[in-house]
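A.B. asks: One structure is given below, represented as structure tokens, and several questions about it will come after.
The values are calculated or read from the model by the stated rules, or taken from the named source; none is laboratory data. Since the structure is predicted, the reported quantities are computational estimates derived from the model, not experimental observations. Positions of Cβ are generated from backbone atoms using ideal geometry, with glycine treated the same way; all protein chains shown enter the neighbour counts.
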Amino acid sequence: MLIANYGYKDGSGEYFITLDTDKCDGCGKCVEVCPASVLEVIPNEFDIEDGNIMGVRDEHRHKLKYSCAPCKPTTGDIEPPCVTACLSQAITHFLSSAKGQVL
Ligand code: SF4
Ligand code: SF4
């Protein structure tokens, strides 16, 4: 299983979107539902024979805390649209504050 990690840690917490590249078929459903154009479909650099996969746009990789704010994934019970749109369950959205609180 190959995992692509996009995100960062800073003093306020950890903000990551991870993708299981084996599960992602590049269908683009997550891109369509993202209200902030954070996601894109890109060539699969992990496997040159394997078409496209989801990627996180460069300009958003270091500000996911803010870029993903429109989805307000503020409780552990509500999955953001990108996660629910992915029928392959390839996306994990991990946002947590430095205090250990799940955002
Ligand atoms: S949480 Fe929302 S803004 Fe962030 S990548 Fe997913 S759909 Fe886009
Ligand atoms: S919806 Fe899932 S399978 Fe489709 S491109 Fe996004 S991450 Fe990949």
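A.B. asks: Select from the stretch 30-48 the residues that are loosely packed, with under 14 Cβ neighbours inside 10 Å and either near ligand 2 (Cβ under 7 Å from one of its atoms) or part of a loop (DSSP other than H, G, I, E, B) (or both) and list them in ascending order.
C.D. replies: PRO35, SER37, GLU45, ASP47, ILE48
A.B. asks: Also, quick follow-up: How many residues are within 10 Å of the chain's Cα centre (by Cα) and surrounded by 18 or more Cβ atoms within 10 Å (Cβ to Cβ) when one looks only at the stretch 1-29?
C.D. replies: The qualifying residues number 6.
A.B. asks: Just need a number here: residues in the stretch 12-53 that are at positive phi and more than 14 Å from ligand 1 (Cβ to nearest atom).
C.D. replies: 3
A.B. asks: For a quick check of your reading of the model, give me the residue pairs whose first member lies in the stretch 4-29 and is under 21 Å from LYS65 (Cα atoms) and in a strand (DSSP E or B), whose second is within 13 Å of ligand 1 (Cβ to nearest atom) and polar (S, T, N, Q), with beta-carbon atoms closer than 7 Å and at least 6 apart or on different chains.
C.D. replies: Pairs that qualify, where the first residue is under 21 Å from LYS65 (Cα atoms) and in a strand (DSSP E or B) and the partner is within 13 Å of ligand 1 (Cβ to nearest atom) and polar (S, T, N, Q), are ALA4/THR18; ASN5/THR18; THR18/THR92.
A.B. asks: If you take the residues in the stretch 60-103 that are in a loop (DSSP other than H, G, I, E, B), surrounded by fewer than 18 Cβ atoms within 10 Å (Cβ to Cβ) and within 10 Å of ligand 1 (Cβ to nearest atom), which one is modelled with the lowest pLDDT?
C.D. replies: Only one residue tops the list, namely LYS72.
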